[in-house]
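To keep things clear, I will list the structure first and then write my remarks on it.
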Amino acid sequence: MILDKKHAMQRKLFRQFAETEFTKELQDRLDQTGEFDWEIHKKMAKYGFMGVKIPKEYGGQGADYLTYTLMIEELARIDSVLSIYANTSNSLGGGPLMLAGNEEQKQKYLPSVANGEKIMVFALTEPGAGSDAGGTTTTAIPDGDEFVLNGRKCFISGAPMADWAVVFAKTDLSAKDSRGISMFIVDLKLPGVSLGTAEHKMGINGYPTSDVVLEDVRVPKSSLVGPLHKGFAYAMKTLDGGRLGMAAQAVGVAQSCLDETVKYAKERKQFGRPIADFQAISFMIADMATEIAAARELVYNAAVLKDNNMDATQACSMAKYYAAEAANRCAYKAVQIHGGYGYIRDYKVERLYRDARICSIYEGTSQIQQMVIANSLLKKR
Amino acid sequence: MKIIVTVKQVPDTSGKVAVNENGTLDRASMETITNPDDMNAIEAALQLKDELGCKVVAITMGPLPAEGMLRELMAMGVDEGVLVSAREFGGSDTYATSQILAAAIDTYGIEKDDIIFSGRQAIDGDTAQVGPQIAEKLDLPQVSYAGELKKVGDSLIVKRMLEDGYMTVKVETPCLITCIKELNEPRYMSVRGIEECFEKPMTVMDYNTLKDHPLIDPATIGLKGSPTNIFKSFTPPMKGCGVMLEGSDKKTTDQLADILAAKHII
């Protein structure tokens, strides 16, 4: 896709920022310690990254989905985990409020999320409800002017730093499957909220993930976001947009694999010449570049569909599915071409291999994306 | 109060540099950037804008695509752009350029509390002449090599960074200051800034706009009117490759110290 002047300028900003600010020292530190870096978070917020997709009237930048995907791609090209820093507020964190929040809720929460002062995370997954998110067992029972929440949410990205979480809980206990689920904003400082220890992840280290445990947590009724019992539909809609961000992240990771590999293949000599001269290597590189180009077009196309308020569910799933799998294939080839050095932490592709792996798992596994795509084809008639 | 910043689009010297047959730069074939010192001038203006709420205007002379550069500066926070562009101005040297820019700035208007910021010098010509010449032609006080800057009342306190020391100068507005990279670290564009930059005002001043200004003499503008003649432009030959010493023992470090001492580096 040929970008117009405005989007080309946005891409230039994200690229310049990431190439300058995401130093090797920062990348290594995040990967090695797994700890959140507030300094880079604040700097990204200063330039408006946290609120790219949040409307101007709520303190955001009011940009479109295409800008958002360009941001995630360019940030992820330098460091995948740092793209997540800018993603949460625009996607799963701020998304449910933008979709279903009332005016008071939007005014109360979105400005401080958009300017990076507060972090809001998305708490849907449970130990027994992953791909089957409808299997939610966390409950929210009305009691006077309050709801009382009980349950355990797991793999909640950003929970250790978060101020608020959007929690999905069953409010109609007699309803089956995904019905009877509602959405709440929960202040994570409330009595009864506790966090599990941060998970030791394979990749995307530097954005801690933990369980959120709710034990008789009392929230005011004004914490309900959207209509009672109808929260699941909003969770799915939020994930729709989230998939687009994850697809862009996968494109960034794949592009990074290609960048590193092209550089290495020209430098590394074996049998008296650069390994790029060997067809076995150059064809792998050609495959990587082709898959990335295809994935990028799928992502941008889905973004433009969303920007034009067209149905993009299938397109988002196709983009996420293809880009995530392509990122994994590219990471495999990048490490393969680097040989033994690709297995050593000194080389970026070692981390890219680990960072790529999550792409086809979170925000809907590749198999869930296949289901969405197939359903949209087979169940429409 | 307003601040006018003179800026120049220059070839990105990290890429390939090409030269025309007449010795001038083949700008069309090269990637361009905003001259680095001019970015410091922009940042200085934007910091004063953050502090005092004044208007910042960026002015450049160049071909029409230089509008893209001005839009990027607007995305950083500049309020308005002025593009001075005409075939008659093409090929101007520093003398002719400063004359045209001075005429353009004067046409735009300079008031008592205004400031003009320029970068110290452009990375393509490295002359450091255009800023000071503009000040001379507009009969304004000038302070070059600003490494620190503070606005106090009607004056600016400027710390000039010189080769062998520094000099602190107090200057009243209106004045022209040339900025060096030590002055600040230029900010990035912002997402919101980019969203809004295409709505900001952009004025194009062509030959007709400026031809009646007293500073504009057709005989002293453009390539023909420029007193500087380029004798020859060429890409300097590559320097020889470096020497690699291997080993981490004392013998190697002694060898390194000897080489550096022989070259009077240490």
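The values are calculated or read from the model by the stated rules, or taken from the named source; none is laboratory data. Computed from a predicted model, the values in this text were never measured in an experiment. Positions of Cβ are backbone-derived with ideal geometry, glycine not excepted, and every protein chain shown enters the neighbour counts.
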Original post:
Taking the condition in a helix (DSSP H, G or I) and either touching a helix residue (DSSP H, G or I) at 6+ places or on another chain (Cβ under 7 Å) or among the basic types (Lys, Arg) (or both), does A:ALA286 pass?
Top reply: no
**OP:** Inspect all residues belonging to segment A:1-22 and state whether any of them is more than 14 Å from chain B (Cβ to nearest Cβ), of a type in the set (Gly, Ala, Ser), more than 14 Å from the chain's Cα centre (by Cα) and over 30 Å from A:TYR234 (Cα atoms).
**Re:** no
Original post:
Across segment B:54-83, which residue is nearest to the other protein chains (Cβ to nearest Cβ) among those that are part of a loop (DSSP other than H, G, I, E, B) and under 19 Å from A:TYR47 (Cα atoms)?
Top reply: B:GLY77
**OP:** All but one of (1) within 24 Å of A:SER89 (Cβ to Cβ); (2) aliphatic (A, V, I, L, M); (3) surrounded by fewer than 24 Cβ atoms within 10 Å (Cβ to Cβ) hold for A:LEU244, so report the exception by its number.
**Re:** (3)
Original post:
Among the candidates A:ASP259, A:ASP240, which residue alone is in contact (Cβ under 8 Å) with a residue 24 or more places away in the chain, under 17 Å from the mean Cα position of the chain (by Cα) and part of a helix (DSSP H, G or I)?
Top reply: A:ASP240
**OP:** Please go through segment B:211-266 and pick out each residue that is assigned to a loop (DSSP other than H, G, I, E, B), polar (S, T, N, Q) and farther than 30 Å from B:VAL130 by Cα.
**Re:** B:SER248
**OP:** Tell me, please, whether a residue that is within 27 Å of the chain's Cα centre (by Cα) and surrounded by fewer than 20 Cβ atoms within 10 Å (Cβ to Cβ) can be found in segment A:266-276.
**Re:** no
Subject >> Tabulated pairs, segment B:90-102, first buried (at least 21 other Cβ atoms within 10 Å of the Cβ), second in a helix (DSSP H, G or I) and of a type in the set (Ser, Thr, Tyr), C-beta under 7 angstrom, 6+ apart or interchain >> reply: B:ALA96/B:THR220; B:GLN99/B:THR220
**OP:** Could you check segment B:84-193 for strands (runs of 3 or more DSSP E) lying wholly inside it with 2 or more residues that are away from chain A (no Cβ under 14 Å) and over 23 Å from B:VAL10 (Cα atoms)?
**Re:** B:142-152, B:155-162, B:165-172
Subject >> Matching residues in segment A:131-146 - criterion: being assigned to a strand (DSSP E or B) and surrounded by fewer than 24 Cβ atoms within 10 Å (Cβ to Cβ) >> reply: A:THR139, A:ILE141, A:PRO142, A:ASP143, A:GLU146
Original post:
If you take the residues in segment B:20-44 that are crowded, with 21+ Cβ neighbours inside 10 Å, closer than 22 Å to B:THR97 by Cα and in contact with a Phe, Trp or Tyr (Cβ under 9 Å, 6 or more places away or on another chain), which one is farthest from the other protein chains (Cβ to nearest Cβ)?
Top reply: B:ALA41
**OP:** Pull up segment A:27-47, narrow it to residues that are buried (at least 18 other Cβ atoms within 10 Å of the Cβ) and without any contact (Cβ under 8 Å) to a residue 60 or more places away in the chain, then point me to the one that is nearest to the other protein chains (Cβ to nearest Cβ).
**Re:** A:TYR47
Original post:
From the set of residues in segment B:194-208 that are assigned to a loop (DSSP other than H, G, I, E, B) and in contact (Cβ under 8 Å) with a residue 24 or more places away in the chain, which is farthest from the other protein chains (Cβ to nearest Cβ)?
Top reply: B:ASP206
Subject >> Close pairs from segment A:336-361: first within 23 Å of A:MET318 (Cβ to Cβ), partner part of a loop (DSSP other than H, G, I, E, B), Cβ under 7 Å, at least 6 apart >> reply: A:ASP355/A:GLY203; A:ASP355/A:ILE204; A:ARG357/A:MET202; A:ARG357/A:GLY203; A:ILE358/A:GLY203; A:ILE358/A:ILE204
Subject >> Test: A:SER222 is assigned to a strand (DSSP E or B) and closer than 26 Å to A:LEU97 by Cα >> reply: no
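From the list A:ALA294, A:ALA235, A:ALA303, exactly one residue is farther than 20 Å from A:PRO96 by Cα and either assigned to a helix (DSSP H, G or I) or not polar (S, T, N, Q) (or both). Which is it?
Being farther than 20 Å from A:PRO96 by Cα and either assigned to a helix (DSSP H, G or I) or not polar (S, T, N, Q) (or both) holds for just one of A:ALA294, A:ALA235, A:ALA303, which is A:ALA294.
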Subject >> Single condition A:TYR300 does not satisfy, out of (1) at pLDDT below 95; (2) surrounded by fewer than 24 Cβ atoms within 10 Å (Cβ to Cβ); (3) of a type outside the set (A, V, I, L, M, F, W, C) >> reply: (1)
**OP:** Count, please, the residues in segment B:7-35 that happen to be in contact with a Gly (Cβ under 7 Å, 6 or more places away or on another chain) and assigned to a strand (DSSP E or B).
**Re:** 1
Subject >> Residue in segment B:66-74 that is free of Cβ contacts under 8 Å to residues at least 40 places away in the same chain, touching a strand residue (DSSP E or B) at 6+ places or on another chain (Cβ under 9 Å) and farther than 22 Å from B:ALA146 by Cα present >> reply: yes
**OP:** Could you please give the count of residues in segment A:189-219 that are crowded, with 17+ Cβ neighbours inside 10 Å and of a type in the set (Lys, Arg)?
**Re:** 1
Original post:
Taking the stated definitions as given, is A:THR136 of a type in the set (Val, Ile, Thr) and under 22 Å from A:ASP240 (Cβ atoms)?
Top reply: yes
